[in-house]
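First the structure, in the form of structure tokens, and then the observations on it.
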Amino acid sequence: MNNELRAIVEGILFVCGDEGVTLAQLADVLAINEETLQSMMDDFIMEYNQHEERGMEAVYYGRHYKLVSKASCHPYVQKLFEQDTTIQFSQAALETLAIIAYNQPITRVEIEEIRGVSCEMMLKKLQARNLIREAGRLDTPGLPYTYEVTEQFMDTFSLKSLEELPKLPDYQKVSEEGELFD
């Protein structure tokens with residue numbers, strides 16, 4: 001694998017995050033046949049993981065290629081996310097928490113539809129801070145997880161119950177043509 005292609009694969013794996021990318025997806029994007037790419041990816045993983053100084057490693061799990069943090073990093077990552085909850089929340093964190101609190105149980109896809117952006121990493125951060133948790137799985141294709149807020153969320157925001165959340169204003173839905181829905 002040449003350096004340019006190696007950099008492209010690394011960038012793709014980074015952007016795909018925890019979901020990773022399949023061999024077929026990579027082959028399609030890179031316009032390389034799967035058999036050739038399979039051999040190249042085996043070499044990529046071996047070469048990438050030879051560098052001890054990296055905090056990440058390339059893996060092939062569940063038929064997906066992805067970059068993951070090395071086990072030696074896990075205690076530090078956990079410590080980062082367990083820091084005092086007086087840390088200010090980003091706008092993205094507050095939006096995600098509000099969506100979950102008002103709509104729980106709710107799936108990642110539903111959150112992303114409301115926010116209009118991907119929220120997978122934010123969900124992981126909020127789970128690591130014990131502000132949200134998986135509430136179960138829907139009995140629909142893909143068996144998506146649903147999320148709900150935790151007792152830690154209630155403590156952090158000094159809430160006795162979700163009934164104390166501010167009431168949301170009523171909005172009328174408008175179609176693309178500008179017509180009001182009931």
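The values are calculated or read from the model by the stated rules, or taken from the named source; none is laboratory data. Computed from a predicted structure; not experimentally measured. Here the Cβ positions follow ideal geometry from the backbone for every residue, glycine too, while neighbour counts run over all protein chains shown.
Which ones in the range 153-181 are within 16 Å of ALA93 (Cα to Cα) and modelled with pLDDT under 90? If you could, list the steps in order and put the result at the bottom.
Within the range 153-181, the subset within 16 Å of ALA93 (Cα to Cα) is 153-154, 156-157.
Once the filter is applied, which keeps residues that are within 16 Å of ALA93 (Cα to Cα) and modelled with pLDDT under 90, the range 153-181 yields THR156, PHE157.
Using the structure shown, decide if THR96 is within 30 Å of LYS167 (Cα to Cα), touching a strand residue (DSSP E or B) at 6+ places or on another chain (Cβ under 6 Å) and modelled with pLDDT of 90 or more. Break it down into steps so the answer makes sense when it comes.
Working: within 30 Å of LYS167 (Cα to Cα): yes; touching a strand residue (DSSP E or B) at 6+ places or on another chain (Cβ under 6 Å): no; modelled with pLDDT of 90 or more: yes.
No; evaluated as a whole, the condition is false for this residue.
When you look at TYR48, is it touching a strand residue (DSSP E or B) at 6+ places or on another chain (Cβ under 6 Å) and either without any contact (Cβ under 8 Å) to a residue 60 or more places away in the chain or hydrophobic (A, V, I, L, M, F, W, C) (or both), yes or no?
Numbers: touching a strand residue (DSSP E or B) at 6+ places or on another chain (Cβ under 6 Å): yes; either without any contact (Cβ under 8 Å) to a residue 60 or more places away in the chain or hydrophobic (A, V, I, L, M, F, W, C) (or both): yes.
When the stated conditions are applied, TYR48 passes them.
Restricting the range 10-42 to residues that are without any contact (Cβ under 8 Å) to a residue 24 or more places away in the chain and under 12 Å from ALA58 (Cβ atoms), which is surrounded by the fewest Cβ atoms within 10 Å (Cβ to Cβ)? Walk me through it before giving the result.
At the first step, the residues of the range 10-42 found to be without any contact (Cβ under 8 Å) to a residue 24 or more places away in the chain are 11-12, 15, 24-25, 27-29, 31-39, 42.
Subset that is under 12 Å from ALA58 (Cβ atoms): 12, 42.
Values: ILE12: 17, ASP42: 11.
The selected residue is ASP42.
For GLU34, state whether it is touching a helix residue (DSSP H, G or I) at 6+ places or on another chain (Cβ under 7 Å), modelled with pLDDT under 95 and over 30 Å from ILE132 (Cβ atoms). Can you show your working first?
Details: touching a helix residue (DSSP H, G or I) at 6+ places or on another chain (Cβ under 7 Å): yes; modelled with pLDDT under 95: yes; over 30 Å from ILE132 (Cβ atoms): yes.
Taking the combined requirement at face value, the residue satisfies it.
Can you pull out the residues in the range 34-67 that are farther than 15 Å from PHE14 by Cβ and acidic (Asp, Glu)?
If the condition is that a residue be farther than 15 Å from PHE14 by Cβ and acidic (Asp, Glu), then GLU34, GLU35, ASP42, ASP43, GLU47, GLU52, GLU53 are the ones that fit.
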